[in-house]
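Encoded as structure tokens, the structure appears first; notes follow it.
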Amino acid sequence: MPTGHRRRARCLTVFLALGLLLSACASSGRGKVRSEPGGGTGSITIWAHEGQDSENRALRRAVEAFNASQSDVKADLELIPGEDYTEMVARTDVSDLPDVLEFDGPTLANFVHSQKLAPLSWYVSVSTVANATKAVQLQGTVGHQLYGLAMYDSGLGIYGNRKILDAAGVAYPTTLEDAWSAGDFTRALEDLAADDADGKVLDLREASGLATEWGTYGFSPILWSAGGGLLDGSGKASGALDSASVVAAFKTFQSWKPYATPDPDAFARGGAALSWAGHWMYPAFHKALGDDLVVMPLPDFGNGPKTGQGSWSWGIGAATKNGRAAGKFLDFLLNDENVTAMTEANGAPPATVTGLDKSRLYGGKGPLRLFSEQLSAPCGSVITYVDTSCVATTRPAVVGYPVVTREFGKALEAIHTGTEPGIALAGAARAIDRALAEQDQTDR
């Protein structure tokens, strides 16, 4: 969920050893279209989604700087309205796609399945790949091939109002090691509500819609922390999404309803003590609270605190005739100068090792260093995960992700409004399994 509710965060599976990235470029486009390296000179086309004005400016400047830095390659950028972007890529024939394109995390598996993306291994330098954070490499990988690299990642946690917490005598965690347990978090809500006029002390960003992608990004970490997942190792939701431990965790989540405010401005106004939100809320919250703003990890439901991770990535069109030139552009786009400019424009965590180290927000003793620490312990797109050593989780890179997120979001909304968690989660699991089975039959 990167820079606002229009941004989403996601994606993937197993960390690639660098040697695997050097494997040959796979064929693309329904077995007919194959990317070609070309001579590394000439013109390339670039598609990107139109984001915030500050992001658009940063991207345009990066393209202009690339063109000014050398004379071999001319890059032409086209910004496409964000609300239309993914659909446009999906319905465009692979032969008509650009040389370089952006894609949002959950679309990766689908675009790979429809053979719209070329592996990056032949075209992007080894040093560029090596400088990508492990979390981002996990996000961009499908079937042991790297298809995407990102300029920025995302962070998720709990923001707190230090003044309100201290006044209520509520001790709060500041590191992953001392994260609240789910029970501790519930008791903190009770203590805070006792000191609050209306008892509405928790902002869950309900205005963004729990049945939307925010719901999946923001609250699927509860699944993993409880030892479950959206899907199990065989790609089934039943037994993972509706396991006993997950149902128990969402009963706890449901118990927070009396403390939750639907007012999106409550936390910034000082009307709520806690906000379950992403990195994109930091600028507004810091402006409102200043030094009283504290950042905490999500609560631990038994298998360590987890967090969401992932964002928009860059890839190479499967039908490009100039893969080397496309790779040169991505090498340039992902350098420190451009990554820093973009992340200062949108406030997101840099997706490169060197960018993170240099970041005034996320590096060193920056105010959002907790998010950086979380991203340094990625789980990848875990199916069910009981490993307490990893923290940052991405959503499953499956072709049927849209139905997975839709059904989970519906269940989350139902639970929040009173439906028994076991019933809501079992219904979602059945719907997901049925849809994925039908899709599998169609693919065959």
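The values are calculated or read from the model by the stated rules, or taken from the named source; none is laboratory data. Just so you know, these numbers come straight off a predicted model, no measurement behind them. Cβ: placed from backbone, ideal geometry, glycine included. Neighbour counts: every protein chain shown. Areas reflect the complete protein model, heavy atoms only, side chains present, ligands, DNA and RNA absent. Shrake-Rupley method; radii C 1.70, N 1.55, O 1.52, S 1.80 Å.
Here are the numbers:
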| item | result |
| --- | --- |
| Within the stretch 365-399, considering residues that are among the small types (Gly, Ala, Ser) and at pLDDT 90 or above, the one nearest to residue 286 (Cα to Cα) | 366 |
| Residues of the stretch 78-108 satisfying the condition of being open to solvent by 10 Å² or more (accessible area, probe 1.4 Å) and aliphatic (A, V, I, L, M) | 79, 88, 90, 94, 97 |
| Sole exception among (1) under 28 Å from residue 79 (Cα atoms); (2) among the charged types (D, E, K, R); (3) at pLDDT 95 or above for residue 104, by number | (3) |
| Condition met for residue 216 (within 23 Å of the chain's Cα centre (by Cα) and of a type in the set (Val, Ile, Thr)) | yes |
| Scope the stretch 112-121; condition surrounded by fewer than 24 Cβ atoms within 10 Å (Cβ to Cβ) and out of contact with any Gly (no Cβ under 6 Å at 6 or more places or on another chain); matching residues | 113, 114, 121 |
| Selected residue (only one of 60, 162 is among the basic types (Lys, Arg), in contact with a helix residue (DSSP H, G or I) (Cβ under 7 Å, 6 or more places away or on another chain), open to solvent by 30 Å² or more (accessible area, probe 1.4 Å) and over 18 Å from residue 313 (Cβ atoms)) | 162 |
| Top-ranked residue in the stretch 311-342 [being small (Gly, Ala, Ser), more than 21 Å from the chain's Cα centre (by Cα) and in a loop (DSSP other than H, G, I, E, B); ranked as nearest to residue 111 (Cα to Cα)] | 318 |
| Filter result for the condition that a residue is outside any loop (DSSP other than H, G, I, E, B) and within 25 Å of the chain's Cα centre (by Cα), over 90, 75, 68 | 90 |
| Residue match in the stretch 193-208 (condition: polar (S, T, N, Q) and surrounded by fewer than 16 Cβ atoms within 10 Å (Cβ to Cβ)) | no |
| Candidate set from the stretch 343-362 (those that are out of contact with any Pro (no Cβ under 7 Å at 6 or more places or on another chain) and open to solvent by less than 10 Å² (accessible area, probe 1.4 Å)); member that is nearest to residue 295 (Cα to Cα) | 349 |
| Qualifying positions in the stretch 419-444 - modelled with pLDDT under 95 and either open to solvent by less than 30 Å² (accessible area, probe 1.4 Å) or closer than 15 Å to residue 398 by Cβ (or both) | 435, 436, 437, 438, 439, 440, 442, 443 |
| Residue 58 over 20 Å from the mean Cα position of the chain (by Cα), outside any strand (DSSP E or B) and free of Cβ contacts under 8 Å to residues at least 60 places away in the same chain | no |
| Top-ranked residue of the stretch 127-155 - restricted to ones that are over 15 Å from residue 315 (Cα atoms) and open to solvent by 10 Å² or more (accessible area, probe 1.4 Å), ranked as modelled with the lowest pLDDT | 143 |
| Elements of type helices (runs of 4 or more DSSP H) in the stretch 239-303, at least 2 residues being open to solvent by 40 Å² or more (accessible area, probe 1.4 Å) | 244-255, 282-289 |
| Residue within the stretch 236-255 that is in contact with a strand residue (DSSP E or B) (Cβ under 8 Å, 6 or more places away or on another chain) and at negative phi present | no |
| Selection count, the stretch 400-418, where residues are touching an Asp or Glu at 6+ places or on another chain (Cβ under 9 Å), in a loop (DSSP other than H, G, I, E, B) and either at pLDDT 95 or above or surrounded by fewer than 17 Cβ atoms within 10 Å (Cβ to Cβ) (or both) | 0 |
| Checking residue 379 against (1) buried (at least 20 other Cβ atoms within 10 Å of the Cβ); (2) touching a Ser or Thr at 6+ places or on another chain (Cβ under 9 Å); (3) not in a strand (DSSP E or B), the condition it does not meet | (3) |
| Residue in the stretch 216-228 that is nearest to residue 429 (Cα to Cα), counting only those that are among the small types (Gly, Ala, Ser) and buried (at least 24 other Cβ atoms within 10 Å of the Cβ) | 228 |
